[in-house]
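A quick write-up on the structure given underneath.
The values are calculated or read from the model by the stated rules, or taken from the named source; none is laboratory data. Note that the structure is a prediction, hence the values are computed from the model and not measured. Virtual Cβ from ideal backbone geometry, glycine too; neighbours counted across all protein chains shown. Remember, those area values only see protein heavy atoms, side chains included, never the ligands or the DNA or RNA. Shrake-Rupley method; radii C 1.70, N 1.55, O 1.52, S 1.80 Å.
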Amino acid sequence: MGMRPTDRGWGLGGTPRPSSMERVPGSRFLTRRLGFHLTHAANWGLPAEVALGQLRQAQPDVLVGSASSLAWLTGFMTPEDRVRSRPRYISTAGETCTAEMRRQLTETFGVPVHDEYASHEFNLIAAECPQGGRYHIQVWNLILEVLDGDRPVGTGEEGEVVATGLHSFAMPFLRYRLNDLVILGRSPCPYGAPVTTLDKILGRTIERFLLPDGRQVHPYVLVRPLLAEAPWLRRYQMVQDRPDHILGKIVPMTGPGPEAVAAVARSVAAALDAPVEVEVVLLDDIPPEPNGKYRPYYSLASGLAQRRSA
Ligand SMILES: [Zn+2]
């Protein structure tokens with residue numbers, strides 16, 4: 001991606017930990033003296049003003065972290081911050097980087113976002129193509145299958161990730177279901193890299209909403225009408241708490257009137273085309289999960305159905 005050993009990084013979100021080089025006992029003093037790997041990872045739980053203070057002081061070459069934490073921080077940046085903060089690029093990982101998080105980040109910092117898809121079991125699974133858009137599967141690290149049930153999907157189709165690690169000798173993972181949904185891309189990458197690709201990382205399977213008629217939809221179908229109808233939103237979370245009820249939580253930038261809020265609920269419900277009630281509530285904040293990740297949508301109803309059938 002073009003990160004140099006002497007680049008200064010600053011990150012927000014995820015688990016702060018030393019770089020791999022610094023995990024060699026006794027190496028930290030030396031690497032710091034040489035000016036290598038000066039990445040500082042701030043805790044996601046910091047108040048916005050404290051995190052912003054650190055960012056102003058760090059003036060990083062590379063901005064790293066979870067897309068939602070970084071996008072959240074842009075909401076507090078002053079026009080002066082926007083001029084002064086000029087990283088070369090932004091590297092996101094750890095959760096789904098949604099289209100609007102990416103837009104917020106590129107518009108604020110004026111540089112590209114490179115997203116990575118990784119897991120604890122396999123480490124790096126896929127990294128965004130340097131040309132942007134699609135993801136290169138790290139074929140030297142794992143064998144990745146994209147399945148619909150037991151059937152391998154074709155290019156452009158959605159399926160579940162099933163992976164086999166090529167280097168995990170102490171704890172083998174053989175055709176392991178990660179419960180992640182992706183869209184399989186072209187092979188090889190149209191820009192020449194000799195790897196299979198993923199078009200999109202859609203997120204966790206528990207994020208799929210189960211409708212009363214048995215259909216399963218991924219909530220990204222609801223995001224388009226939501227954003228079209230509510231340009232005033234700062235952050236949102238869609239929760240299917242019952243099969244026939246979806247709660248849309250919105251943190252607004254400005255105070256929309258009751259009619260605007262009702263219009264959001266109507267247009268989201270219309271996109272579903274099912275007997276499901278959509279309720280929209282305005283909140284001051286939507287806190288992240290205990291692990292610091294932010295879930296833009298999840299379904300309690302699908303989880304119940306899965307546990308019942310298991
Ligand atoms: Zn490529």
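Brief remarks follow.
- Matching residues, region 167-178, being open to solvent by less than 70 Å² (accessible area, probe 1.4 Å) and not aromatic (Phe, Trp, Tyr): 168, 178
- Scoring residue 271 on the criteria (1) open to solvent by 40 Å² or more (accessible area, probe 1.4 Å); (2) farther than 25 Å from residue 211 by Cβ; (3) not charged (D, E, K, R) leaves a single failure, condition (2).
- Test: residue 236 is in contact (Cβ under 8 Å) with a residue 24 or more places away in the chain and closer than 17 Å to residue 128 by Cβ: no
- Subset of region 236-251 (residues that are open to solvent by less than 30 Å² (accessible area, probe 1.4 Å) and within 21 Å of the chain's Cα centre (by Cα)): 236, 237, 238, 239, 240, 248, 250, 251
- Among the residues here, residue 198 qualifies as within 16 Å of the ligand (Cβ to nearest atom), in a strand (DSSP E or B) and either touching a residue at least 40 places away in the same chain (Cβ under 8 Å) or touching a Cys at 6+ places or on another chain (Cβ under 7 Å) (or both).
- Identity of the residue in region 179-195, more than 16 Å from residue 140 (Cα to Cα) and open to solvent by 50 Å² or more (accessible area, probe 1.4 Å), that ends up nearest to the ligand (Cβ to nearest atom): 191
Table: residues versus (1) under 24 Å from residue 283 (Cα atoms); (2) not β-branched (Val, Ile, Thr).
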site: 186; (1), (2): no, yes
site: 192; (1), (2): no, yes
site: 235; (1), (2): yes, yes
site: 243; (1), (2): yes, yes
site: 250; (1), (2): yes, no
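- The criterion of at least 2 residues that are open to solvent by 60 Å² or more (accessible area, probe 1.4 Å) is met by the following strands (runs of 3 or more DSSP E) wholly inside region 47-149: 142-148.
- The residues listed here are 164, 155; of these, the one that is within 16 Å of the ligand (Cβ to nearest atom) and either surrounded by fewer than 17 Cβ atoms within 10 Å (Cβ to Cβ) or over 25 Å from residue 99 (Cβ atoms) (or both) is 155.
- Within region 196-214, being at positive phi and surrounded by fewer than 15 Cβ atoms within 10 Å (Cβ to Cβ) holds for one residue alone: 214.
- Scanning region 120-145 for residues that are under 22 Å from residue 173 (Cβ atoms) and touching a residue at least 60 places away in the same chain (Cβ under 8 Å) gives 126, 127, 135, 136, 137.
- Flag for residue 263 being modelled with pLDDT of 80 or more and either among the aliphatic types (A, V, I, L, M) or outside any loop (DSSP other than H, G, I, E, B) (or both): yes
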